[in-house]
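Quick one: the structure is below, and I'll ask about it shortly.
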Amino acid sequence: IHSIQLSKGTGSVVNGFESIAGQINVEFIKPEEDKNLLNVFLNQEGRAEINLNLVHKIKPRVHAATLLHTNGRPLKMDANEDEFLDFPRSYMTTGFHRWTFHTLKGVEAAFGIKGLRQDQIGGQKNFSINDTRDTTSPYGLRIQTNRVEAFAKIGYVFPQKRYQNFGFQLQGSWHDMDSYFGLRNYDAAQYSFYSNFIYQSIIGTTDNKFKTGASFQF
């Protein structure tokens, strides 16, 4: 993660109508600013993870980055001995591939795709996902999540008028979750799409700026 921004206020063309309830924006590592990285982590509770950042300089103004992360927590931990797991056993793998383009003519663009697969198992210590689920079996839960998300950002800054620019953003995602909690099933799928267009300029001098545009959400 490169940075995290928090915003809250009245709805605007920049942040959308949901900004009045508060928004969190996570900015991932930028390909042109990062370097290759390998990180391995293991703690006493059995959590292990691997992080890998690969940066590719395609051309002087074209960069790409591949971010990979996987973690696992396979051990059954019950420190207070109440026969319930202190935290779910879990396995997760996620990847993110991103491209950025910068031209001398004022055009900038970024494209990316992200994917996630996660499996969490919790409940009583002697619960097994292979057991028959009925009123006599140990209590258990399982949450399996799959998600794919893609985005595109295109912007243009007028070379002779640096204060004047416009941007176009597209984002789509598919989120699928299959889960159960004891005897209750909860399966859900969500498809979403968002796009917005923003134009920015001035009125008279740079002391008076305005932004206008339109957005669509499905």
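For the stretch 94-142, enumerate the residues that are of a type in the set (Lys, Arg) and either more than 30 Å from residue 157 (Cα to Cα) or open to solvent by 70 Å² or more (accessible area, probe 1.4 Å) (or both).
Answer for the stretch 94-142, where residues must be of a type in the set (Lys, Arg) and either more than 30 Å from residue 157 (Cα to Cα) or open to solvent by 70 Å² or more (accessible area, probe 1.4 Å) (or both): 105, 117, 125, 133, 142.
Quick check on the stretch 106-122. Is at least one of its residues in contact with a Leu (Cβ under 9 Å, 6 or more places away or on another chain) and outside any strand (DSSP E or B)?
No, there is no match, as no residue in the stretch 106-122 is in contact with a Leu (Cβ under 9 Å, 6 or more places away or on another chain) and outside any strand (DSSP E or B).
Does the stretch 43-82 hold any residues that are within 30 Å of residue 100 (Cα to Cα), open to solvent by 40 Å² or more (accessible area, probe 1.4 Å) and within 24 Å of the chain's Cα centre (by Cα), and which are they?
Once the filter is applied, which keeps residues that are within 30 Å of residue 100 (Cα to Cα), open to solvent by 40 Å² or more (accessible area, probe 1.4 Å) and within 24 Å of the chain's Cα centre (by Cα), the stretch 43-82 yields 50, 52, 54, 56, 57, 68, 70.
Tell me yes or no: at least one residue of the stretch 73-84 is aromatic (Phe, Trp, Tyr) and modelled with pLDDT under 85.
No, the stretch 73-84 contains no residue that is aromatic (Phe, Trp, Tyr) and modelled with pLDDT under 85.
Let me ask another. Which pairs turn up if I take residues in the stretch 28-44 that are at negative phi and look for partners that are among the hydroxyl-bearing types (Ser, Thr, Tyr) and assigned to a strand (DSSP E or B) with beta carbon separation below 7 Å, at least 6 apart in sequence or on another chain?
Taking only residues 6 or more apart or on different chains, the pairs are 30/100; 31/100; 32/100.
Taking residue 152, is it closer than 25 Å to residue 114 by Cα, without any contact (Cβ under 8 Å) to a residue 24 or more places away in the chain and part of a strand (DSSP E or B)? Lay out the reasoning, then the answer.
Details: closer than 25 Å to residue 114 by Cα: yes; without any contact (Cβ under 8 Å) to a residue 24 or more places away in the chain: no; part of a strand (DSSP E or B): yes.
So residue 152 does not fit the description; no.
Still on this structure, I have one more. Restricting to the stretch 144-190, name every residue that is on the phi > 0 side of the Ramachandran plot and surrounded by 15 or more Cβ atoms within 10 Å (Cβ to Cβ).
If the condition is that a residue be on the phi > 0 side of the Ramachandran plot and surrounded by 15 or more Cβ atoms within 10 Å (Cβ to Cβ), then no residue fits.
Can you pull out the residues in the stretch 91-108 that are among the small types (Gly, Ala, Ser) and either at pLDDT below 95 or more than 24 Å from the chain's Cα centre (by Cα) (or both)?
The one that is among the small types (Gly, Ala, Ser) and either at pLDDT below 95 or more than 24 Å from the chain's Cα centre (by Cα) (or both): 106.
Something else about it: How many residues, within the stretch 191-205, are open to solvent by less than 80 Å² (accessible area, probe 1.4 Å), over 22 Å from residue 105 (Cα atoms) and assigned to a strand (DSSP E or B)?
Residues in the stretch 191-205 being open to solvent by less than 80 Å² (accessible area, probe 1.4 Å), over 22 Å from residue 105 (Cα atoms) and assigned to a strand (DSSP E or B): 6 in total.
Against the condition over 30 Å from residue 76 (Cα atoms) and in contact with a Lys or Arg (Cβ under 9 Å, 6 or more places away or on another chain), how does residue 214 come out, does it pass?
No: the conditions fail for residue 214.
How do the pairs read when you match residues in the stretch 45-57 that are farther than 17 Å from residue 29 by Cα and among the charged types (D, E, K, R) with residues anywhere that are open to solvent by 70 Å² or more (accessible area, probe 1.4 Å) and not in a loop (DSSP other than H, G, I, E, B), using Cβ under 9 Å and keeping only pairs 6 or more apart or on different chains?
47/41; 49/40; 49/41; 49/42
Out of all the residues in the stretch 68-92, which are over 12 Å from residue 119 (Cα atoms), charged (D, E, K, R) and touching a residue at least 24 places away in the same chain (Cβ under 8 Å)?
76, 78, 83
The values are calculated or read from the model by the stated rules, or taken from the named source; none is laboratory data. What you see is a predicted model; the values in this text were computed from it and never measured. All Cβ positions, glycine included, derive from the backbone under ideal geometry; neighbour counts span all protein chains shown. For accessibility, only protein heavy atoms count, side chains too; no ligands or nucleic acids. Shrake-Rupley method; radii C 1.70, N 1.55, O 1.52, S 1.80 Å.
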